[in-house]
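Below is one structure, written out as structure tokens; the observations come after it.
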Amino acid sequence: MAHDREGGLRGWDFEGFHSGHDTEAWRRLGAHVITVADDERGSVDGTRFSVWAPNAQRVQLIADFNHYVPGDHELQRIPGSGVWALFVEGVGAGSVYKYRILGADGVWREKADPMARQAEGLPSTGSIVHASSYTWGDQEWLERRARSRPHAEPMSIYEVHLPSFRPGRTYADLAEELVEYVTWQGFTHVELIGVAHHPFLGSWGYQVTGYFAPFASMGTPDELRLLVDRLHQAGIGVIMDWVPGHFATDEWALANFDGTSIYEHPDPRRGQHLDWGTYIFDFGRNEVKSFLVSSALYWVDQFHIDGLRVDAVASMLYLDYSRTEWLPNRYGGREHLEAIELLQFVNRHLYERVPGVVTIAEESTSWPGVTRPVHEGGLGFGFKWNMGWMNDSLRYLGRAPVHRQYHHHEITFGLVYAFSENFVLPISHDEVVHGKGSMLGKVPEDDWRKFATLRAFYALQWSHPGKQLLFMGCEFGQRSEFSEDRGPDWLATSHWGHRGLQLLVRDLNSIYREHPALWQQDNSPSGFSWISADDAGGNVFSFLRYDEQGRAMACLINFSAEPRRDYRIGLPAEGRWREVLNTDAEHYDGTGEFGNLGAVTAVEVGSHGLPASATVTIPPLAAVWLVHDPVLSLSEGEDQATEEAPAPESAAAEPAAPEPVAPRAKRARRR
């Protein structure tokens, strides 16, 4: 051949990759369809293959274009780089390949490409040459995202395990079904679980083998791009679960890649998660840093992902996490300094590089400054999952109403630290697996109390400071525990209780978007004040949420099975307070017997330290939200109290569009 066998890689500078600062390593490594100069023909089309295997003795390509016969295509070592490369003329997108590596230990191994941008569907383990031809249509969304203020904007997240949302569906199918359903339900964002390629469905995507390749059994990378694009065009943000803390041990993937531990830490006291049966990245190795930061940017840059929810951050922060034998850091402490540096690097780079992007930490400890900027000594995340709120509130939810008075603090304590970080309030897949049962199953007593309590609980979640996250199936109170084989029980949405709960969550999202008091000051004490935090005997919580202009919403939640009639609450202004939500409305399969005729009138009688007050009815196991109508209050005065009030907004007839309660049934495509 008269052309460069390395496809132009010889002479490339890999210093950034080796120093840990290459944030786009996928552009240099992996398989790329290119055109190279040729002395005789001018140019030649083909594919350049390149892989980092610093301790390998030999590297070969076995592929469909050589009938998987070893020896036909031998990669060349690029001096001083640890990278092997080869240009193969005539090979294009769609070709399937693997690397055959003679390791430092003298053993040949067949490996998938760590930088593959497309993988074979299960159970096959090959990599596929990929060249995207997708044309995006979400420019308006990206421009709006760049101007956004995520902390001061609405964010209600629908967490979706993609492979089981509708088992058997492809990305292209979900570009219609998922988009339609989430739009109808009114969530502002989806969080997608199981996007990166993984070989074991039961891991739900948390044992990754493809850090640059989408889960192949659901379709091609461009079909995933279509799904993200359609979500954006529908006004829905896309967050993706990203798993940098550990990876799958499959012998054909990253593990022991060139006969040595180049991705995992070589010492099992730092390199293995015994609980999860996975390997831990060697965060102190510069090439691993480049690999991981490049992976984070890749999904944001190449798939227009709006945010990364980073899994298992606590396991990265502590060297003694879930282990009895561990190696201390260089100062003798338990903090994993190299992992901390990596997280700070990823967060700093993404926020500087992509305006409007968000990163969210699943971090379950009291580590300080998770959402503090890196330059102030924090980890630099945009948000943190509030695991304390989740644990406390679910314990409270699981108690019988008669016992809740003794555990009132399980709801109030969260407000002690609610503004110490920028929080997301998660009711995630983790709460409905491994014998934990469903959300409906957590609530004691009969079905009426179960559904009523869950409606009140979701109203608490949507009105509490912090953004909301709800796992699929929880929005309609699925009875069974989550199973990745079955997916949500969509048939239940036509039944009493389930349908009402689903409609409630839809209205929660609608009212939430409409009222900035519920989201504009989530991270500021100015956005919240208690009316009464100490009515333990009544199982009642009452508080005010404020927007940046000082407009208030009063949120009242009764977790007892008895109605609270003539219940006096303090309010910041006299006049008419309109009932915008009553979770006991018949529309939600409540009793419809307890309410405030659409409004209450606050008079100039102080209560709870506030200048005005009103008497309200709070239904049993229910929530009521009130907003002030200053114009009506001024024009109608106190006479409003004796007039017939309009029906509550929350009990209005369901809007006509769109009709489907759940994604339309389709036959699974054969593969």
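The values are calculated or read from the model by the stated rules, or taken from the named source; none is laboratory data. Predicted model only: the values in this text are computed from it and were never measured. Counting neighbours? That spans all protein chains shown, and the Cβs are built from the backbone with ideal geometry, glycine included.
Would you pick out the residues in region 164-193 that are within 18 Å of the chain's Cα centre (by Cα) and of a type in the set (D, E, K, R)?
Glu191
Any residue at all in region 299-311 that is of a type in the set (D, E, K, R), within 23 Å of Ala255 (Cβ to Cβ) and touching a residue at least 40 places away in the same chain (Cβ under 8 Å)?
Yes, because at least one residue in region 299-311 is of a type in the set (D, E, K, R), within 23 Å of Ala255 (Cβ to Cβ) and touching a residue at least 40 places away in the same chain (Cβ under 8 Å).
Please list, ordered by first then second residue, the pairs with beta carbon atoms under 7 Å, 6 or more apart or interchain, first in region 24-51 and in contact (Cβ under 8 Å) with a residue 60 or more places away in the chain, second in a loop (DSSP other than H, G, I, E, B) and among the hydroxyl-bearing types (Ser, Thr, Tyr).
Thr47/Ser95
Can you tell me which residue in region 251-290 is nearest to Pro328 (Cα to Cα), limited to those that are charged (D, E, K, R) and in contact with a helix residue (DSSP H, G or I) (Cβ under 8 Å, 6 or more places away or on another chain)?
Checking each candidate, the answer is Asp282.
Do you know which residues across region 517-534 are in a helix (DSSP H, G or I) and either surrounded by 17 or more Cβ atoms within 10 Å (Cβ to Cβ) or free of Cβ contacts under 8 Å to residues at least 24 places away in the same chain (or both)?
Result: Ala517, Leu518, Ser526, Gly527.
Can you find a residue that is part of a loop (DSSP other than H, G, I, E, B), surrounded by 24 or more Cβ atoms within 10 Å (Cβ to Cβ) and either out of contact with any helix residue (DSSP H, G or I) (no Cβ under 7 Å at 6 or more places or on another chain) or at pLDDT below 95 (or both) anywhere in region 472-481?
Yes, that holds for at least one residue.
I'm checking my understanding of the structure. Among residues of region 80-126 that are within 23 Å of Glu24 (Cα to Cα) and of a type in the set (Lys, Arg), which one is nearest to the chain's Cα centre (by Cα)?
Result: Arg117.
Would you check which residues across region 312-368 are within 20 Å of the chain's Cα centre (by Cα) and either assigned to a strand (DSSP E or B) or over 24 Å from Tyr279 (Cα atoms) (or both) and list them?
Arg348, His349, Leu350, Tyr351, Val354, Pro355, Gly356, Val357, Val358, Thr359, Ile360, Ala361 - these are the residues of region 312-368 that are within 20 Å of the chain's Cα centre (by Cα) and either assigned to a strand (DSSP E or B) or over 24 Å from Tyr279 (Cα atoms) (or both).
Gly168: part of a loop (DSSP other than H, G, I, E, B) and touching a Gly at 6+ places or on another chain (Cβ under 7 Å), yes or no?
Criteria not met by Gly168.
Check off (1) surrounded by fewer than 22 Cβ atoms within 10 Å (Cβ to Cβ); (2) closer than 15 Å to Ala459 by Cα for Leu581 and give me the number that stays unchecked.
For Leu581, the failing item is (1).
Output the number of residues of region 160-178 satisfying the condition of being surrounded by fewer than 22 Cβ atoms within 10 Å (Cβ to Cβ) and of a type in the set (Val, Ile, Thr).
The number of residues fulfilling the criteria is 1.
Suppose we keep only residues that are assigned to a helix (DSSP H, G or I) and within 18 Å of the chain's Cα centre (by Cα) within region 231-251. Which one would you say is surrounded by the fewest Cβ atoms within 10 Å (Cβ to Cβ)?
His232
Exactly one of these conditions fails for Ser50: (1) surrounded by 20 or more Cβ atoms within 10 Å (Cβ to Cβ); (2) over 11 Å from Leu86 (Cα atoms). Give me its number.
(2)
Go through Ser428, Ser480 for me and flag whichever is in contact (Cβ under 8 Å) with a residue 12 or more places away in the chain and over 23 Å from Glu362 (Cα atoms).
After ruling out the rest, the residue left standing is Ser480.
Identify, by number, the condition in (1) closer than 30 Å to His349 by Cα; (2) in a strand (DSSP E or B) that His21 doesn't meet.
If we test His21 against (1) closer than 30 Å to His349 by Cα; (2) in a strand (DSSP E or B), just (2) comes out false.
Which count do you get for residues in region 175-221 that are closer than 23 Å to Gly94 by Cβ and either small (Gly, Ala, Ser) or not in a loop (DSSP other than H, G, I, E, B) (or both)?
Residues meeting the conditions: 13.
Looking for whichever is in contact with a Leu (Cβ under 6 Å, 6 or more places away or on another chain) and surrounded by fewer than 23 Cβ atoms within 10 Å (Cβ to Cβ) here; the options are Glu514, Glu484, Glu445. Which one fits?
Glu484
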